[in-house]
1. Identify the trypsin sites (Lys or Arg not before Pro) of the stretch 99-173 meeting these criteria: DSSP loop state and at most 14 other C-beta atoms within 10 Å of the C-beta.
2. I'd like the chymotrypsin sites (Phe, Trp or Tyr not before Pro) in the stretch 1-110 restricted to DSSP loop residues with at most 14 other Cβ atoms within 10 Å, sorted by number.
3. What does the C-alpha gyration tensor say about the overall shape of the stretch 243-392? Classify as rounded when a/c is under 1.5, otherwise prolate if a/b is larger than b/c, or oblate.
4. Mind checking which of 137, 172, 148 is farthest towards the positive end of the stretch 127-176's charge dipole, using Cβ charges of +1 (Lys, Arg) and -1 (Asp, Glu) about the Cα centre?
5. Show me the GluC sites (Glu not before Pro) within the stretch 8-113 that DSSP assigns to loop and that have at most 13 other Cβ atoms within 10 Å of their Cβ.
6. If the reach is capped at under 17 angstrom between alpha carbons, list the aspartates and glutamates near residue 389, excluding any in the same chain fewer than eight residues apart.
7. Counting Lys +1, Arg +1, Asp -1, Glu -1, what net charge surrounds residue 64 among other residues with beta carbon under 14 Å of its beta carbon?
8. Toward the positive end of the charge dipole of the stretch 1-49, about the Cα centre and with charges on Cβ (Lys, Arg +1; Asp, Glu -1), which of 31, 13, 1 goes farthest?
Amino acid sequence: MFDALTAQPPDTILKLMAMFRDDARADKIDLGVGVYKDATGLTPVMRAVKAAERRLWEVETTKTYTGLAGDPAFAAALTTMILGPGLDARVAAAATPGGTGALRQGLELVRMAAAGARVWLSNPSWPNHASILQYLGLPIRDYRYFDAGTGGIDFDGLITDLRSVKTGDVVLLHGCCHNPTGADLDAGQWAAVAELIAAKGAVPFIDLAYQGFGDGLDADAGATRMIAARFPEVLIAASCSKNFGIYRERTGLLIALGDPARKILVQGNLSFLNRQNYSFPPDHGARLVTMILGDEALRADWMAELEEVRLNMMTLRLSLAEALRLATNTTRFDFVAQHRGMFSRLGLTEAQVNTLRETCGIYMVGDSRINIAGLNAATVPVLAAAVAKVLG
Ligand code: LMR
């Protein structure tokens, strides 16, 4: 049987992780996978998460199964954090293994409900979006997104491409902190995109993996809230990996907003999909999130630490933009200070990215995406000097 298998292409980001691990150089710099690191290079367990784990260890009396869609208290707490209160009647939701699990379950729901739907992806997008879509056999369409010349949004290209969306298509949007470019739509651009997609009768599917890493917890949910209020049906794949720092706990939520009359039907389908794919979703991370969001002191401490994380990344952005300006004697990289979240795409060629890795031990994704949080005050000038050198 196994001789019929063919080798799978490696995931570019995970392959880079392994290459970095195997590199013996002491001064190597990891700007690859999207994991937050503090100034010492550590991905800390957040204070509120530690406190909730301690408390949970004391009070948890059973490890028996939860519901197929996870604990409803988790869905309620996270949905309120994302969308604000008052939407219960429209919300069906299922806990999933991480944000990727939510994407996968959401796209399976699309395949069940709308067999002919094409799924529109920003070009570029997180590579696993297209990979999962191909695996599921869903047709993919691209919409232009990034202007490599300016490091900003190619808004004319985006609107032109989205004019070809058809009724019933699904448009995948990054709610904030676009991965891999770091370039986000502004409020006016979001409004224009929403108007166009609504006029086409398409369904927005929002990937929200970095809430709190851009402009703040509420600000980063602004576009998602606007879309939730405007569209009759919306899918949202939310991740707690980054903003709660619980990457390996695999904590995500798929939210399906729709007509209250169909809430039970949709909820039943989400539970069915969980049962088919893994039965009950992981609970530990979801329980920590529920405890933190439901306890005033834990929530305040978590929000304060999340804000420290966000501001650290903003400080790194500003100092990298400045260091690149000095090292290259150009304003070419000023966009780094405008971008939001963990990532910026620098606009280097693949050959330049390879040279940085081979000669300087600086690891970034092949499209020149860097993880800002992989830097610190000491490595910012090192990166800037190395980029100036490969540019010649
Ligand atoms: C990333 O883009 O680096 C993260 O979302 C981690 C991953 O799974 O790729």
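Bear in mind these aren't lab numbers, they're just calculated from the coordinates by the rules spelled out. Source: prediction; values computed, not measured. Glycine gets a Cβ as well: all are built from the backbone with ideal geometry, and neighbour counts include every protein chain shown.
1. Answer in residue order: 163, 166.
2. For chymotrypsin sites (Phe, Trp or Tyr not before Pro) across the stretch 1-110 that sit outside H, G, I, E and B with at most 14 neighbouring Cβ atoms in 10 Å, the list reads 65.
3. In terms of gyration-tensor shape, prolate.
4. Value computed over the given set: 137.
5. 60
6. List returned: 322, 350, 358.
7. Once all neighbours under 14 Å are counted, the net charge is -1.
8. Of the candidates, 31 comes out farthest on the positive side.
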